[in-house]
Amino acid sequence: MDVKNLVAIDIHTHAEVSCWNPFDSYGEEYDRAADKYFRNSRRPTIAETIAYYRERKIGLIMFTVDAETQMGRRRIPNEEIAEAAKANSDMMMAFASIDPHKGKMGAREARKLIEEFGIKGFKFHPTVQGYHPYDKMAWPIYEVIAEYKMPAIFHTGHSGIGSGMRCGGGLRLAYSNPMHLDDVAVDFPDMQIVMAHPSFPWQDEALSVATHKPNVWIDLSGWSPKYFPKQLVQYANTLLKDRILFGSDYPLITPDRWMKDFEEAGFKPEVMPGILKDNAVRLLGLG
């Protein structure tokens, strides 16, 4: 990334539409429920997302979520996102997502994506992938990530996916309790762990783990800053100011809206540059 020419780095954006694979309509009811929950039905292509961020001079990390085992839905190819990042390397990086149920085959894929496609990190979503982050089923993939000293983003807290559906779409919120990441942080000290989102209803657990484990970070995606819990803002201004990251969850929340509300959410002026860009620069090794 050409860090000097970027005003911020958004650590959390989603690929929503594949231009390589045909649309997979299986499980589309989860999309419609999410549209209703987030009051947003925007589904941009990867190229459209890049153009949006380039216009604003904001760098971005993009990924899909591979939940093929739990959801039965074909993922967007990690390689498609990686190729887009390669073509826009001045302002974009690609993270990969691999279903933890794929075990050793997933570990082989992770290594290939790093070595041949330039993937710079990984994304996990325990609720939609249907696993506890500490489950040793996922250890082979984690071992590859740790070997290359790469970051991994884990969804934590409530899930907008499945919200309002009968039985929550069968998705279990307990998988995304941030306390489950404490074991991962202990066993993989060379893997930088990013807990995504204000971790409702477990915000205090998230702050405790991040304060205790120096390889744990928090991204602020998925919520407008005006709704952040007070203790999250307090820790971002003090003990965790060097490990708090800007993330939007685009396209569900736009960086335009996020940044506007960020200005009025009680963050100290001296910590805001770190949250918007400088902390991500250190996490991603861009300094």
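The values are calculated or read from the model by the stated rules, or taken from the named source; none is laboratory data. From a predicted model like this one, the values you see are computed outputs, not experimental measurements. With ideal geometry, Cβ positions are generated from the backbone for all residues, glycine too; neighbour counts draw on all protein chains shown.
If you check Leu207, Leu220, which single one turns out to be under 21 Å from Ala15 (Cβ atoms) and of a type outside the set (S, T, N, Q)?
So the residue among Leu207, Leu220 that is under 21 Å from Ala15 (Cβ atoms) and of a type outside the set (S, T, N, Q) is Leu220.
How about segment 115-174: which of its residues are at pLDDT 95 or above, β-branched (Val, Ile, Thr) and within 22 Å of Ser199 (Cα to Cα)?
Thr127, Val128, Ile153, Thr156
Within segment 257-271, can one find any residue that is under 20 Å from Ile145 (Cβ atoms), among the small types (Gly, Ala, Ser) and out of contact with any Ser or Thr (no Cβ under 9 Å at 6 or more places or on another chain)?
Looking through segment 257-271, none of the residues is under 20 Å from Ile145 (Cβ atoms), among the small types (Gly, Ala, Ser) and out of contact with any Ser or Thr (no Cβ under 9 Å at 6 or more places or on another chain).
Which of the residues spanning segment 71-84 are under 16 Å from the mean Cα position of the chain (by Cα) and aliphatic (A, V, I, L, M)?
Ile76, Ile81, Ala82
Return the total of residues in segment 1-52 being in contact (Cβ under 8 Å) with a residue 12 or more places away in the chain and basic (Lys, Arg).
Qualifying residue count for the region: 3.
Listed here are the residues, each with its yes/no results for (1) on the phi > 0 side of the Ramachandran plot; (2) touching a helix residue (DSSP H, G or I) at 6+ places or on another chain (Cβ under 6 Å).
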site	(1), (2)
Ala174	no, no
Ala206	no, yes
Gly222	yes, no
Trp258	no, no
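Give the residue, chosen from Thr211, Thr254, that is of a type outside the set (Gly, Ala, Ser), under 20 Å from Ile161 (Cα atoms) and in contact with a helix residue (DSSP H, G or I) (Cβ under 9 Å, 6 or more places away or on another chain).
Of Thr211, Thr254, the one residue that is of a type outside the set (Gly, Ala, Ser), under 20 Å from Ile161 (Cα atoms) and in contact with a helix residue (DSSP H, G or I) (Cβ under 9 Å, 6 or more places away or on another chain) is Thr254.
On the given criteria, is Met150 among the hydrophobic types (A, V, I, L, M, F, W, C), crowded, with 20+ Cβ neighbours inside 10 Å and either in contact (Cβ under 8 Å) with a residue 60 or more places away in the chain or more than 30 Å from Arg32 (Cα to Cα) (or both)?
Taking the combined requirement at face value, the residue satisfies it.
Counting only residues that are of a type in the set (A, V, I, L, M), give me the helices (runs of 4 or more DSSP H) lying completely in segment 168-277 with at least 3 of them.
181-187, 203-212, 230-237
If you go through segment 66-84 one residue at a time, how many are over 17 Å from Pro22 (Cα atoms) and in contact with a Lys or Arg (Cβ under 8 Å, 6 or more places away or on another chain)?
2
Whether any residue in segment 61-81 is acidic (Asp, Glu) and crowded, with 24+ Cβ neighbours inside 10 Å is what I want to check.
Within segment 61-81, one or more residues are acidic (Asp, Glu) and crowded, with 24+ Cβ neighbours inside 10 Å.
Being among the small types (Gly, Ala, Ser) and closer than 11 Å to Gly59 by Cβ is the filter here, so list the residues in segment 79-94 that pass it.
Within segment 79-94, Ala85, Ser89 qualify.
Go through Leu220, Leu252 for me and flag whichever is under 19 Å from Gly59 (Cα atoms), modelled with pLDDT under 95 and in contact with a strand residue (DSSP E or B) (Cβ under 9 Å, 6 or more places away or on another chain).
When all the criteria are applied, what remains is Leu252.
What's the number of the only condition in (1) of a type in the set (Gly, Ala, Ser); (2) touching a strand residue (DSSP E or B) at 6+ places or on another chain (Cβ under 8 Å); (3) touching a residue at least 40 places away in the same chain (Cβ under 8 Å) that Ala265 fails to meet?
Every condition holds for Ala265 apart from (2).
In segment 21-70, which residues are under 19 Å from the mean Cα position of the chain (by Cα) and of a type in the set (Val, Ile, Thr)?
Selection gives Thr45, Ile46, Thr49, Ile50, Ile58, Ile61, Thr64, Val65.
Among what's in segment 190-245 and is crowded, with 17+ Cβ neighbours inside 10 Å and hydroxyl-bearing (Ser, Thr, Tyr), pick the residue that is nearest to the chain's Cα centre (by Cα).
Applying the filter and picking the extreme gives Ser221.
Please enumerate the residues belonging to segment 10-22 that are part of a loop (DSSP other than H, G, I, E, B) and touching a strand residue (DSSP E or B) at 6+ places or on another chain (Cβ under 9 Å).
Listed by number, the residues that qualify are Ala15, Glu16, Ser18, Cys19.
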